[in-house]
Structures are given as C-alpha cells and as structure tokens.
1. Yes or no: A253 surrounded by 19 or more Cβ atoms within 10 Å (Cβ to Cβ) and either among the acidic types (D, E) or not assigned by TED's automatic domain parsing to the domain that holds T130 (or both)?
2. Take the residues in segment 177-193 that are buried (at least 18 other Cβ atoms within 10 Å of the Cβ) and in contact (Cβ under 8 Å) with a residue 60 or more places away in the chain; name whichever of them is nearest to the chain's Cα centre (by Cα).
3. Going through segment 220-272 one residue at a time, which ones are part of a loop (DSSP other than H, G, I, E, B), under 23 Å from Q110 (Cβ atoms) and of a type outside the set (D, E, K, R)?
4. How many residues, within segment 205-260, are over 28 Å from Q118 (Cβ atoms) and basic (K, R)?
5. With respect to N29, is the statement that it is over 21 Å from the mean Cα position of the chain (by Cα) and either outside the structural domain of N127 (by TED's automatic domain parsing) or surrounded by 13 or more Cβ atoms within 10 Å (Cβ to Cβ) (or both) true?
6. Could you tell me which numbered condition S72 fails, if it satisfies all but one of (1) touching a Lys or Arg at 6+ places or on another chain (Cβ under 9 Å); (2) under 27 Å from A233 (Cβ atoms); (3) crowded, with 20+ Cβ neighbours inside 10 Å?
7. Among the numbered criteria (1) of a type in the set (A, V, I, L, M); (2) under 27 Å from I154 (Cα atoms); (3) surrounded by 16 or more Cβ atoms within 10 Å (Cβ to Cβ), which single criterion is violated by I263?
8. Hey, any hits in segment 84-102 for a residue that's under 22 Å from T168 (Cα atoms), outside the structural domain of G239 (by TED's automatic domain parsing) and surrounded by 24 or more Cβ atoms within 10 Å (Cβ to Cβ)?
Amino acid sequence: MPFTAKVITTSEWGAAEPKNAPFKRTVPNYVIVHHTDNQNPPNDPSKGTIEGAKQFARNIQNGHMKQSWSDSGHNFLNTTGGFILEGRHGSLDAVEQGFCVQSAHAAQDQGKLANGNQSPGIENEGNFMTFQMGEKQWESLVELCASLCSSCNISPLNIKGHRDFSNTDCPGNWLYNQLPQLRKQVADQLGLKFTEEELKNSSQLVDLKFGSTGAEVIKLQKRLLDKGFNPGAIDGAFGENTEAAVKAFQRSAGLKSDGIAGIKTRTELGIA
C-alpha cells in the first residue's frame with residue numbers, strides 16, 4: 001500500500017536550510033513514538049492551528065540546530081490539531097519510496113534497542129506522562145503510523161517508544177502504555193491480525209524468531225553469547241546472526257534446529 005498520510009513538507013512550513021544535507025538513506029525497522037514534552041492544551045504551543053503547527057516546527061528545528069544538530073532530529077511532527085509536518089529534510093520523499101533518512105531522535109543506550117536513528121521518529125506535541133492525547137491528534141498518529149508501516153514494510157508490532165532505545169521517560173507513561181492499542185489500530189487499518197500478547201510486545205511466552213525485536217531478544221542474545229554462541233551485535237533485533245546462533249545452540253542441546261527460540265530452547269538456555 002502507498003503512503004497516504006497528508007504531510008506538510010519542510011518547504012511548506014518554512015524550514016531553514018539544513019547542514020550536511022542530503023542525509024543518508026536507511027532501511028527502517030521501526031516506527032518510534034516520542035513526545036515533545038511541551039505544555040498540553042489549552043497551553044499547547046501550536047494552539048491546534050495549522051499556522052501554529054508550522055511555527056512550532058520552526059521553533060523545534062531552530063532549537064535542534066542550536067544544539068549543533070544538522071537539522072530537526074525527528075522525521076515527523078504530529079501536533080494537537082492533527083497536523084503532520086515533515087521534520088528532517090528528505091524524510092517524506094524517502095518513506096514514500098520505502099526508506100528513511102539518518103536522523104537524531106533515538107540514540108542507543110546500554111541494554112536498549114539499536115539503530116533507532118535509521119527508522120522514522122514521530123514527535124507528538126505535548127507531555128503524555130499522565131495527559132491523554134486528544135482525538136484529532138490520536139487519529140493523525142494512527143494514520144501516519146499506518147502509512148509508514150505500509151510504505152516501508154514495517155510490522156505494526158515494531159511500533160516502539162523512545163524509551164525502548166534510550167534512557168528516557170519519553171514518550172510519557174500514558175502514551176507508552178497506549179502503544180499496544182496503537183499497534184492494534186494500525187494493524188486493523190492494514191488488515192493484519194495479532195494476538196493480545198504480540199501487541200503488548202512484553203510476554204516472555206511468545207516465540208522469538210527472525211524479525212523479533214525487543215528486550216527479550218537482548219536477553220536471548222546475551223545468554224547465547226554467554227554459552228559460547230555468537231549472535232552478533234547485542235541490539236535487540238533477531239536477525240541472521242542470532243538465528244544462526246540459536247540453531248547452533250539447538251544442535252548442541254539435541255533440540256530441533258529451527259532457529260526459533262521457543263519455550264524448550266529458552267528453558268535449555270535458562271531464560272524461559
């Protein structure tokens with residue numbers, strides 16, 4: 001399916017010229033949800049208007065570039081009025097073609113997921129520690145996530161929060177706890193079905209296999225390495241190296257060598 005979300009481009013909101021552009025194109029694995037940590041309605045910076053949204057985007061870019069960043073750190077901004085604005089230059093064109101551009105919104109901290117800056121990051125206007133997002137903003141977030149998953153071939157299960165990559169409370173406790181619902185609504189829009197446990201991305205009982213991501217994959221990778229089976233980078237992404245390490249361990253333990261870390265394999269590893 002094509003990218004269908006309506007996005008206000010950098011030229012339309014009057015972005016300043018970035019440094020070091022054009023930015024490198026990347027192959028995205030995730031959609032990463034943030035909050036801007038600004039005040040909520042009725043004191044939201046954009047006031048829910050399109051002109052306010054454009055000014056807010058300019059203010060964010062200016063603040064990021066004053067930190068010596070090359071451009072806006074995020075790829076998209078979703079405002080309280082439900083307006084979606086392109087962040088880092090080249091982001092919209094890239095995702096429409098199934099790619100992303102290297103950005104600066106989700107650096108990896110120890111024990112967290114890797115390669116966040118190679119995937120699209122969405123800043124949501126507001127502070128969502130306890131405040132609940134309004135209907136317009138939620139609907140535009142669902143539409144943007146569905147478009148990104150569809151165009152870039154990203155599973156809705158890989159809609160993550162900033163805190164999955166970095167030591168931060170972003171995107172706020174309320175919004176982070178809404179990610180299973182966000183995944184479900186995006187999946188429904190794309191005609192995909194997942195179990196409740198899969199949507200939560202938190203169950204230790206879900207089989208880990210090629211394409212799985214998250215903290216449980218990091219635990220698996222660390223245990224494989226401890227046992228002498230090299231899974232490659234400890235990055236929380238179950239790729240070819242991790243699959244090969246699982247198969248090698250399974251053979252050594254007399255298990256079926258299918259590369260899937262199910263309950264038997266994980267019991268043998270001591271992480272079930």
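The values are calculated or read from the model by the stated rules, or taken from the named source; none is laboratory data. If you're wondering where the values come from, they're calculated on a predicted model, not measured in any experiment. We place every Cβ from the backbone using ideal geometry, glycine too, and count neighbours over all the protein chains shown.
1. Taking the combined requirement at face value, the residue does not satisfy it.
2. Here the residue is L179.
3. G228, F229, N230, P231, G232, A233, I234, G236, F238, G239, G270, I271 - these are the residues of segment 220-272 that are part of a loop (DSSP other than H, G, I, E, B), under 23 Å from Q110 (Cβ atoms) and of a type outside the set (D, E, K, R).
4. Adding up the residues that qualify gives 3.
5. no
6. Among (1) touching a Lys or Arg at 6+ places or on another chain (Cβ under 9 Å); (2) under 27 Å from A233 (Cβ atoms); (3) crowded, with 20+ Cβ neighbours inside 10 Å, S72 violates only (2).
7. If we test I263 against (1) of a type in the set (A, V, I, L, M); (2) under 27 Å from I154 (Cα atoms); (3) surrounded by 16 or more Cβ atoms within 10 Å (Cβ to Cβ), just (3) comes out false.
8. Scanning segment 84-102 turns up at least one residue that is under 22 Å from T168 (Cα atoms), outside the structural domain of G239 (by TED's automatic domain parsing) and surrounded by 24 or more Cβ atoms within 10 Å (Cβ to Cβ).
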